[in-house]
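In what follows, a single structure is set out as C-alpha cells and then discussed.
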Amino acid sequence: MKAAVLHGKEDVRVETVAERPLMPGEVRIQIGAALTCGTDLKVYKRGYHAKMIVPPAVFGHELAGAIAEVAPDISEWRAGERVVVANSAPCGSCLYCEQGQENLCEHLLFLNGAYAESIVVPARLVQKNLLRLKTATSFKDAALTEPLACVVQGVEDSKLKAGQHVLVIGSGPIGLMFVALAKHLGCQVSVAGRGEQRLALAKRLGAETVIEVPHEGDIVPVVQAKLPSNPDVVIEAVGKPETWEASVKLVQKGGTVNFFGGCPSGTSVSLDTTLIHYSNLTLLASFHHTPRTIRRALEFIESGVVTAKDFVDGECALSELPTLFKSMAAGNRAVKTLIKVEA
C-alpha cells in the first residue's frame, strides 16, 4: 500500500509499505478520510516525538474509514462497518487510569499511520477507542473526533458554563473548536488571533468579538482595548511562552486560565505571583483526551455542533503530502486539509 513515512526532521516520503498480517484482537481499517494536524506539523518540524512517533515510521493520526479485515478472534466487529479510531488508548491499570485520569496514563499506546491507504489498529485501541459511526456521518466529519476530544477535555477541565465570557487566544483549528463548543454551551466568546479567514470563521462559529493581534509585541493592551472587561476564562491555544504570560494578565479576578497550547520543550514563563495570589486565579493545563471525551466529541460531531465544512478548507492527494507539509512549515494558513489517500 501507499503510505507517508516520516524519516526525520522535515523529511516525509510517500512510499510503498507492506501490509502486515493482523495479530489477535486487531482490525484493519481502509482509510476514508485523513486530516492534517498541528501536532503532526510540530512532529514534522522536529523530526520525532519521544512518546508518539520515532522515525522511520508511518505518519498521521486523524482518520476515519471502514473496517476491511478483522482478526479471527474478534466477534464484535465486522468487515464493512464504518468507524473512527482515536490516536491512543490508556492501559486501564496504572495509578492515573485507576483515578480517572486516563489522559495521563503511564503507558499510553499511540497510533500513527493515517496518511495511508489502510491502517492496522492494535487490540488495545480496538477495545477502548474504536467507535461505530452513524450512517449519515461522513468520514471527513468523523476524522475530527480526536482533536475535538482534546478540546472537550479542555472545556470540561475549565468548567465552562453558560453566561461566562470566554477569551480564546489563537485562531487555529483547536482555538476555533473551543469557540464552537463554548458558544454551544451558552458562553459569550471573544477570539484573539491572526489571519483574516480564520477570524472570519471564528465569527461564523459564534465569536462576538474577534481581535487581530500583532506578530510582534505585547498583545495585552491590544486585546484589552477591544474588550469592555477582562474575561472570566482565558483559553491559551497557541503554545508560546509570551501568550501564556499574556493570558494571566488578561483574565479577571477569580477567573480561570487554561494553558492548553503546549510550548516548545525547554521553554519557561515568568508569572506575576502577586497578581495570581491576590486575584485568586485558577491556572490549569489540559492534555490529550480520555475514552469518555472521545465519545463525547463524536456526539458533538454527529449532532452537528462541529462539522468538516467549517474546519476542512483544502484537499491534497497523498502523493503531494511532502509538498503540503513544506508549505505548512512555511506558514500555510489552511485550517485543516483532507488527504485523499486513494490518490
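The values are calculated or read from the model by the stated rules, or taken from the named source; none is laboratory data. What you are looking at is a predicted structure, and each value in this text was computed from that prediction instead of being measured. Positions of Cβ are generated from backbone atoms using ideal geometry, with glycine treated the same way; all protein chains shown enter the neighbour counts.
Numerical summary
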read-out: Residue list for region 37-56, restricted to those being surrounded by 16 or more Cβ atoms within 10 Å (Cβ to Cβ) and in contact with a strand residue (DSSP E or B) (Cβ under 9 Å, 6 or more places away or on another chain); value: 37, 39, 40, 43, 44, 47, 49, 52, 53, 55
read-out: Helices (runs of 4 or more DSSP H) lying entirely in region 217-317 (those with 3 or more residues that are under 20 Å from residue 335 (Cα atoms)); value: 291-302, 308-311
read-out: Candidate set from region 49-81 (those that are part of a loop (DSSP other than H, G, I, E, B) and charged (D, E, K, R)); member that is nearest to residue 309 (Cα to Cα); value: 81
read-out: Complete set of residues in region 318-343 that are touching a Leu at 6+ places or on another chain (Cβ under 8 Å), over 16 Å from residue 174 (Cβ atoms) and part of a loop (DSSP other than H, G, I, E, B); value: 332, 341, 342, 343
read-out: Checking residue 77 against (1) among the aromatic types (Phe, Trp, Tyr); (2) closer than 27 Å to residue 101 by Cβ; (3) over 21 Å from the mean Cα position of the chain (by Cα), the condition it does not meet; value: (2)
read-out: Pairs where the first residue, in region 42-61, is in contact (Cβ under 8 Å) with a residue 60 or more places away in the chain and the second is aromatic (Phe, Trp, Tyr), C-beta under 6 Å, 6+ apart; value: 44/325; 52/110; 60/115
read-out: Residue check, residue 92 assigned by TED's automatic domain parsing to the domain that holds residue 19, assigned to a loop (DSSP other than H, G, I, E, B), modelled with pLDDT of 95 or more and surrounded by 17 or more Cβ atoms within 10 Å (Cβ to Cβ); value: no
read-out: Count - residues of region 29-48 that are closer than 29 Å to residue 68 by Cα and not in a helix (DSSP H, G or I); value: 9
read-out: Any hit, region 158-165, residues being charged (D, E, K, R) and over 20 Å from the mean Cα position of the chain (by Cα); value: yes
read-out: Among (1) part of a helix (DSSP H, G or I); (2) in contact (Cβ under 8 Å) with a residue 12 or more places away in the chain; (3) farther than 20 Å from residue 41 by Cα, the one test that residue 160 misses; value: (1)
read-out: So residue 196, is it of a type outside the set (Val, Ile, Thr), closer than 24 Å to residue 41 by Cβ and assigned by TED's automatic domain parsing to the domain that holds residue 159; value: yes
read-out: Some residue of region 136-145 being in contact (Cβ under 8 Å) with a residue 24 or more places away in the chain and under 30 Å from residue 223 (Cα atoms); value: yes
read-out: Unmet requirement for residue 88, which otherwise passes all of (1) free of Cβ contacts under 8 Å to residues at least 40 places away in the same chain; (2) touching a Phe, Trp or Tyr at 6+ places or on another chain (Cβ under 9 Å); value: (1)
read-out: Selection count, region 161-174, where residues are out of contact with any Pro (no Cβ under 7 Å at 6 or more places or on another chain) and either surrounded by fewer than 24 Cβ atoms within 10 Å (Cβ to Cβ) or acidic (Asp, Glu) (or both); value: 5
read-out: Residue within region 320-342 that is among the small types (Gly, Ala, Ser) and over 18 Å from residue 38 (Cα atoms) present; value: no
read-out: Looking only at region 278-317, and only at residues there that are of a type in the set (Asp, Glu) and under 18 Å from residue 175 (Cα atoms), the one that is surrounded by the fewest Cβ atoms within 10 Å (Cβ to Cβ); value: 313
read-out: Test: residue in region 121-129 that is buried (at least 23 other Cβ atoms within 10 Å of the Cβ) and closer than 28 Å to residue 284 by Cα; value: yes
read-out: Single residue of 236, 242, 208, 212 found to be at pLDDT 95 or above, buried (at least 21 other Cβ atoms within 10 Å of the Cβ) and acidic (Asp, Glu); value: 236
